[in-house]
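Enquirer: Input: one structure, supplied below.
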Amino acid sequence: MPVTTKAPLLEVHELRVEYPRAGFRRGSFVAIDSMSVRVPAGTTLGVVGESGSGKSTLGRAILGLAPITHGGVIFDGREITHADARTRRALSADLQVVFQDPYSSLNPAMTIEAILAEPLVAAGTSRAAARARLTELLDIVGLPADSLARLPREFSGGQRQRIAIARAMAREPKLVVCDEAVSALDLSTQARVLDLLLDIQAQTGVAYLFITHDLDVVRHVSDEVVVVNRGAIVERGPAAQVVTNPTDPYTRRLVEASPIADPVAQRARRAARHPT
Amino acid sequence: MLLFLTRKVGAALSLVVVVASITFFMLYASGSDPVANLLGQSATAAQIETRRAELGLDRPVLTQFLEWWGHLLRGDLGTSWTNRQPVMATLLTRVPVTLSLAIAATVVAAVVGTALGTLAARFRGVVDVVLQLVVVVGFALPAFWFAVLLSQTFAIRLGWFPAVGYTPLVESPAAWLSSITLPVVALAAGVTASIAQQVRNSVIEVERRDFVRALRSRGIGPGRILVAHTLRNAAPAALTVLSLQFIGLLGGAIIIENIYALPGIGALAISATNVGDVPVVMGIVLVTVVIVVVVNLVLDLLQGLLNPKARTR
Amino acid sequence: MTGSTAAPVRTPSDHVVRRALRNPTVVVSGLVLLLVVAAAVLAPLLAPHSPTEAVLDDVLAPPSADHPLGGDSAGRDVLSRLLWGARTSLLAGLIAIVTAVVVGVPAGLVAGYRSGRFDAVAGWVASVLLAVPGIVALLVVVSAFGTAMPPSMIALGVLLSPAFFRLTRSTVVNVRAELYVDAARVAGISPVSIVFRHILSVVATPIIIQASLSAGVAIIVQAGLAFLGIGDSLAPSWGAMVNDAYRSNIEAPLLTLWPGLAIGITVAALALLGSGLSDVVNRTDAVQSPRRSRRLAAEAAAEVAAAPKVEARTSDEATLVVEDLHVQYSRQDGTRAEVVKGVSFHVDRGECLGIVGESGSGKSQTAFSVLGLLPPEAVRVAGAIRLRELDLLSLGERSLNHIRSSRLAYVPQDPMSNLDPAYTIGAQMVETIRAHERLSRRAATQRARALLERVLIVDPDKALGSYPHEISGGMAQRVLIAMAISCSPDVLIADEPTTALDVTVQQEVLDLLRELQRDLDLALVIVTHNLGVVADICDRVAVMKDGRLVETRDVFDLSAAPQHPYTRELLGSTLSNVAPRTRIGQGSPSTATTEA
């Protein structure tokens, strides 16, 4: 990575997210606390952690889907911590999302055309221009051109995730938050979708905030990595270094616990863990 | 558990207060003059005025309202405007009749409905089709029409049961049973159908859950799985339906009582409404809401016992 | 698992309206309703007499040409009153549901979308309204506002509105939690257009269904009021007709029948229309009846009997032997889909076999076949499954129950959904133990406690008294493993036992399984999609694709020199051997044609 002196594309500073507990005067639940991350333009920041660690909350807070009670988010030079709907609408051209579940992230009642056109129409793109862009998008994500008239349920999980990616890329964003975007996919499908995301990044220079529980995935896609545990960042650094040479005890546990597909290496690790 | 209990009781009490207050203002401040209704069209303005003063209706509504609550807290629901009997005493003789009708119908509906619903879920096919048919018929035919039909057939034509009248349980259990059989059947039919439908759907839903497969994998027998696990997990949804149905059932009882001339609050409610005997109507509203609230409270507690999650929340 | 085997492809032309028109319940009930509406609208033209004209000669007249249904106790024409009564009933239903929708739906939309204080207040009002017995409330309304029908039906509408409120609210809350609504928010779609584009369309159908049911309720309640003589005594209505019939039932029993039929048919048509529509919307109409699948199963059983019995060829010594296993599911159109196509493997005590494959490969179906836990839609199971001397496919449910747990045990994928939420851990463990061994409750509890210690649960006594929702996923999986080994089985089949768990917990569970396998000399079968899990614990691996075993090998051999192209592709999809931030696949990466 070349060292850049100018401000990063996304800067998250001392972020805290608190959810009010259900019921009267039950206080609140702190999902993440004093989290700071930076994503330079065109790069990928991997966010890795286990369930309940707060990794998804970070992404949702940046997207305006979680209540921020402290700290700030600066995106592309703009302060967007508490952006209203109008600002979000303007922002949506540059900031997008791909969620984990390819089944619930597409409205089952809308055709692929309506799903993909929605962000374009909301931005005031003309019908003809939108139509042309849709064809282009399908081509980019490798779906057949006749997909437009069909409904989400006619597509497999991997194909749906391609549709979700196409929707995110519709207006050529500068940053896409990928929240467990490949976690629900089979291994071979996951590999192809990861290839697609890397290809798009190479072509358009989009930056990713890549949230996942899978160390292999994060090592594969990220430039920098932050490791999240119990709502706080415990370790950060270049991907290869964090995954192969962790310094924090929690990261070390995480790395050691992730099994690798090579039985010889995996059994060596197991033996090292349980000296008998 | 204690917190759960206090919260439920508190909610129930506030509900009684609110419903009673709204009813009071609807009856006393709706604009139509109850006394004019009461005395009929021949009454002169002077007569109406005198009677209004007699009943204390010439005072501000708020004063009357506070007074009514004051009396209520001392167990006094006022006196009837027509026969000048204390309302509380009248209600006390009539409520047991309505309650025995409603509770008997609820029990019958719960037992028969659960059995039918389980059968339909288990065997589907013909049993299920028949059940669906019964459910639609039970929903579509008004209870009062069914009651008229039962009365015409089994009481008047065949003479198996009395067509009208009520024998208190303490006087003769057999006669009591005979006097409420037809009303209970008429009342329970529709509720049974909806309970059966709910039980059927819940049983099918629970049987698809993973833990039922896990139980099978551990060699637990099908009978035990059905009774101890499937029905147990299907019960909360059925109880919710039962508590909603009970409210409708209480309303239905009022109509059915009129058909079988049972001396419950139903006949009282109709006559009080027709002549505009406001204190009696007020008393009936209060009593029915209290009954509903108590029954719902009991079902809520049962719900808490059945559902460990509801208890800790 | 089973869903992936038969996901029918539908086209957008398969629209709700078109499907509704193909549903016989919807069509018939809709036509009946149209007839009732036509009768009501055209009553002035159709009715042979005035509904209120009383002719002394026609009192309780039997049916005749002039009076097709006879005369009532006041000498009025029954048919004419029936036709005019339809107007009263339909108008009553209409007023009530319009009121209920106007009050309930907007409140539900706001409460569901904004939640917070409005939600709390509206929810409380709804519960107040639900606690009021309808008839009593209507009597109050009649006392206060007089006997005309519209005020009482408006009041009834208000009383029915909580159902609409709750339905709308819960639908909105569910839809709001959908990720596609989040995606729309990120896209900057305004809340109002999110409600209209994404939420209203979902809410509309349940509202229509609820409205048709509520209209039926309103018609019955209005009839009930008229029956009691509370209501507009001049307007002809079905309820008043029942009352009249009731008072003259000895002389003319048929009089009771007509208004009852009119109410019954109208309300039944409304109810059936509602349930038919909900079937169309929820697509439950396409679900096959178990009777049909039983018939198919019987046919299939005959086929199996006719087919030549597969003789055991190899590995007779193994604890569990599966030979040429086939599993077929019946599809909605009557054809069958084969999800397991001739699978053979064996596993011995002290050995761990991994069955690996992607979703839809048939690996879970294979595991469930061995356990005898296939759903009823699996209509044909052929081949041979032997546990030592026992032929599992020929065993009845009772004998199967006997060997489940005691010889053959199962550890499921998602630990939380596999425990009964209504019972404590202790109760569920004791139940399993006592189903297989004659032990006192006390002794069984002792055993359960020891088992929990065995699976390294720190505070076994606390765990015994806990409900499933009170423990973590990792602990729940340990409990399920403890239950699986509670009656010392020979074979343990674990279906994706760590997929629902975090990696650190996954490691602990794998360590536990390995240790138990060694100590109890178990034959362990692990079904998984995770090659890391395979590398960690398995001795041999069977790779499945599209219902077939493509390769069964020693785990080290397989990893070092995969032979089948699919195995190579699978191993090639792992990320551990690829340089970071480079393409994994070869050729054109961006085609989705072969994706499962």
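The values are calculated or read from the model by the stated rules, or taken from the named source; none is laboratory data. Here the structure is a predicted model, which is why all the values come from computation and not from measurement. So basically every Cβ, Gly included, is an ideal-geometry build from the backbone, and we count neighbours across all protein chains shown. Just so you know, the surface numbers come from the protein's heavy atoms only, side chains and all, with ligands and any DNA or RNA stripped out. Shrake-Rupley method; radii C 1.70, N 1.55, O 1.52, S 1.80 Å.
Enquirer: Specify which of the listed residues (C:51, C:62, C:68) is open to solvent by 20 Å² or more (accessible area, probe 1.4 Å), on the phi < 0 side of the Ramachandran plot and within 51 Å of the chain's Cα centre (by Cα).
Expert: Testing whether each residue is open to solvent by 20 Å² or more (accessible area, probe 1.4 Å), on the phi < 0 side of the Ramachandran plot and within 51 Å of the chain's Cα centre (by Cα) leaves just C:68.
Enquirer: Here's another thing I want to ask about it. Which residues, counting only those in segment C:529-550, are more than 10 Å from chain A (Cβ to nearest Cβ), of a type outside the set (D, E, K, R) and assigned to a strand (DSSP E or B)?
Expert: Hits for segment C:529-550 are C:542, C:543, C:544, C:549, C:550.
Enquirer: State which residue pairs qualify: first residue more than 7 Å from every other protein chain (Cβ to nearest Cβ) and inside segment C:214-228, second residue polar (S, T, N, Q) and in a loop (DSSP other than H, G, I, E, B) in any location, beta carbons under 6 Å apart, and separation of 6 or more residues or different chains.
Expert: From residues that are more than 7 Å from every other protein chain (Cβ to nearest Cβ), the pairs are C:226/C:237.
Enquirer: Residue C:431 - would you say it is open to solvent by 10 Å² or more (accessible area, probe 1.4 Å) and under 30 Å from residue C:323 (Cβ atoms)?
Expert: Taking the combined requirement at face value, the residue does not satisfy it.
Enquirer: Condition first: among the β-branched types (Val, Ile, Thr) and either open to solvent by 30 Å² or more (accessible area, probe 1.4 Å) or within 13 Å of residue C:430 (Cα to Cα) (or both). Can you find one or more residues in segment C:466-476 that meet it? Don't jump to the end; show me each part of the working.
Expert: Taking segment C:466-476 as the starting set, the residues that turn out to be among the β-branched types (Val, Ile, Thr) are C:471.
Restricting the remaining residues to those that are either open to solvent by 30 Å² or more (accessible area, probe 1.4 Å) or within 13 Å of residue C:430 (Cα to Cα) (or both) gives none.
No, segment C:466-476 contains no residue that is among the β-branched types (Val, Ile, Thr) and either open to solvent by 30 Å² or more (accessible area, probe 1.4 Å) or within 13 Å of residue C:430 (Cα to Cα) (or both).
Enquirer: Have a look at A:88, A:60, A:133 and point out the one that is open to solvent by 10 Å² or more (accessible area, probe 1.4 Å), outside any strand (DSSP E or B) and under 15 Å from residue A:12 (Cβ atoms). Working first, answer last.
Expert: Details: A:88 fails: under 15 Å from residue A:12 (Cβ atoms); A:133 fails: under 15 Å from residue A:12 (Cβ atoms).
Sole residue among the options that is open to solvent by 10 Å² or more (accessible area, probe 1.4 Å), outside any strand (DSSP E or B) and under 15 Å from residue A:12 (Cβ atoms): A:60.
Enquirer: Another question, if that's okay. If I go through segment B:106-126 residue by residue, how many of them are closer than 22 Å to residue B:251 by Cβ, out of contact with any Ser or Thr (no Cβ under 9 Å at 6 or more places or on another chain) and open to solvent by less than 50 Å² (accessible area, probe 1.4 Å)?
Expert: So the count comes out to 1.
Enquirer: Going by the structure shown, is residue A:81 among the polar types (S, T, N, Q) and facing another protein chain (nearest Cβ under 10 Å)?
Expert: no
Enquirer: Can I ask one more? Taking residue C:290 and the conditions (1) modelled with pLDDT under 80; (2) in the same structural domain as residue C:214 (by TED's automatic domain parsing), which numbered condition does it fall short on, given that it satisfies the others?
Expert: Of the numbered conditions (1) modelled with pLDDT under 80; (2) in the same structural domain as residue C:214 (by TED's automatic domain parsing), the odd one out for residue C:290 is (2).
Enquirer: So which of B:254, B:259, B:284 ends up being over 20 Å from residue C:131 (Cβ atoms) and either within 10 Å of chain C (Cβ to nearest Cβ) or of a type in the set (S, T, N, Q) (or both)? It would help to see each step written out before you state the result.
Expert: Details: B:254 fails: over 20 Å from residue C:131 (Cβ atoms); B:284 fails: over 20 Å from residue C:131 (Cβ atoms).
Answer to the check: B:259.
Enquirer: While we're looking at this one, here's another question. Pick from segment C:312-355 the residues that are acidic (Asp, Glu), open to solvent by 50 Å² or more (accessible area, probe 1.4 Å) and closer than 17 Å to residue C:383 by Cα: which of them is modelled with the lowest pLDDT?
Expert: Taking the candidates together, the pick is C:316.
Enquirer: Would you say residue B:134 is closer than 26 Å to residue C:246 by Cα, more than 8 Å from every other protein chain (Cβ to nearest Cβ) and at pLDDT below 85?
Expert: So residue B:134 passes the test.
Enquirer: To continue, here is another question. For segment C:513-536, how many residues meet the condition of being open to solvent by 10 Å² or more (accessible area, probe 1.4 Å) and either in contact with a Leu (Cβ under 6 Å, 6 or more places away or on another chain) or on the phi < 0 side of the Ramachandran plot (or both)?
Expert: Selection size over segment C:513-536: 9.
Enquirer: Moving to a separate point now. Looking only at helices (runs of 4 or more DSSP H) that lie completely in segment C:65-146, which have at least 3 residues being among the charged types (D, E, K, R)?
Expert: Counting at least 3 such residues, we get C:78-114.
Enquirer: So which residues in segment C:518-528 are out of contact with any strand residue (DSSP E or B) (no Cβ under 7 Å at 6 or more places or on another chain) and within 14 Å of chain A (Cβ to nearest Cβ)? Explain how you work it out, then say what you get.
Expert: First pass over segment C:518-528, keeping only residues out of contact with any strand residue (DSSP E or B) (no Cβ under 7 Å at 6 or more places or on another chain): C:518-521.
Those that are out of contact with any strand residue (DSSP E or B) (no Cβ under 7 Å at 6 or more places or on another chain) and within 14 Å of chain A (Cβ to nearest Cβ): C:518, C:519.
Enquirer: So which residues in segment B:139-161 are more than 10 Å from chain C (Cβ to nearest Cβ) and open to solvent by 20 Å² or more (accessible area, probe 1.4 Å)?
Expert: Pass one, segment B:139-161, residues more than 10 Å from chain C (Cβ to nearest Cβ): B:150, B:154-155, B:158-161.
Passing the criteria: B:154, B:158, B:159, B:160, B:161.
Enquirer: Out of (1) open to solvent by less than 60 Å² (accessible area, probe 1.4 Å); (2) under 20 Å from residue B:259 (Cβ atoms); (3) assigned to a helix (DSSP H, G or I), the odd one out for residue B:166 is which?
Expert: (3)
Enquirer: Okay, moving on. May I ask you to list pairs of residues, at least six apart or on different chains, whose Cβ atoms are under 8 Å apart, with the first in segment A:165-180 being within 19 Å of residue A:126 (Cβ to Cβ) and the second being basic (Lys, Arg)?
Expert: A:170/A:133
Enquirer: Among the numbered criteria (1) more than 27 Å from residue C:219 (Cβ to Cβ); (2) not assigned by TED's automatic domain parsing to the domain that holds residue B:21; (3) not aromatic (Phe, Trp, Tyr), which one does residue B:129 miss?
Expert: Evaluating residue B:129 over (1) more than 27 Å from residue C:219 (Cβ to Cβ); (2) not assigned by TED's automatic domain parsing to the domain that holds residue B:21; (3) not aromatic (Phe, Trp, Tyr) leaves (1) as the failure.
Enquirer: Tell me which residues, restricted to segment B:190-247, are within 8 Å of chain C (Cβ to nearest Cβ) and either at positive phi or open to solvent by less than 40 Å² (accessible area, probe 1.4 Å) (or both).
Expert: Those that are within 8 Å of chain C (Cβ to nearest Cβ) and either at positive phi or open to solvent by less than 40 Å² (accessible area, probe 1.4 Å) (or both): B:211, B:214, B:215, B:217, B:218, B:219, B:220, B:221, B:228, B:229, B:233, B:247.
Enquirer: Take segment C:477-503 and flag every residue that is open to solvent by 10 Å² or more (accessible area, probe 1.4 Å), not assigned by TED's automatic domain parsing to the domain that holds residue C:449 and not in a loop (DSSP other than H, G, I, E, B).
Expert: Within segment C:477-503, just C:503 meets the criteria.
Enquirer: Moving on to the next point. Of all the helices (runs of 4 or more DSSP H) wholly in segment C:379-466, which have at least 3 residues that are closer than 29 Å to residue C:514 by Cβ and more than 10 Å from every other protein chain (Cβ to nearest Cβ)?
Expert: C:425-436, C:441-454, C:460-464
Enquirer: Inside segment A:92-130, can you point out the residues that are touching a strand residue (DSSP E or B) at 6+ places or on another chain (Cβ under 9 Å) and either open to solvent by 50 Å² or more (accessible area, probe 1.4 Å) or without any contact (Cβ under 8 Å) to a residue 24 or more places away in the chain (or both)?
Expert: Our first condition is that a residue be touching a strand residue (DSSP E or B) at 6+ places or on another chain (Cβ under 9 Å); within segment A:92-130, this holds for A:94-100, A:105, A:119.
Across segment A:92-130, the qualifying residue is only A:100.
Enquirer: Exactly one condition in (1) within 17 Å of residue B:110 (Cα to Cα); (2) more than 16 Å from the chain's Cα centre (by Cα) is not met by residue B:296; state its number.
Expert: (2)
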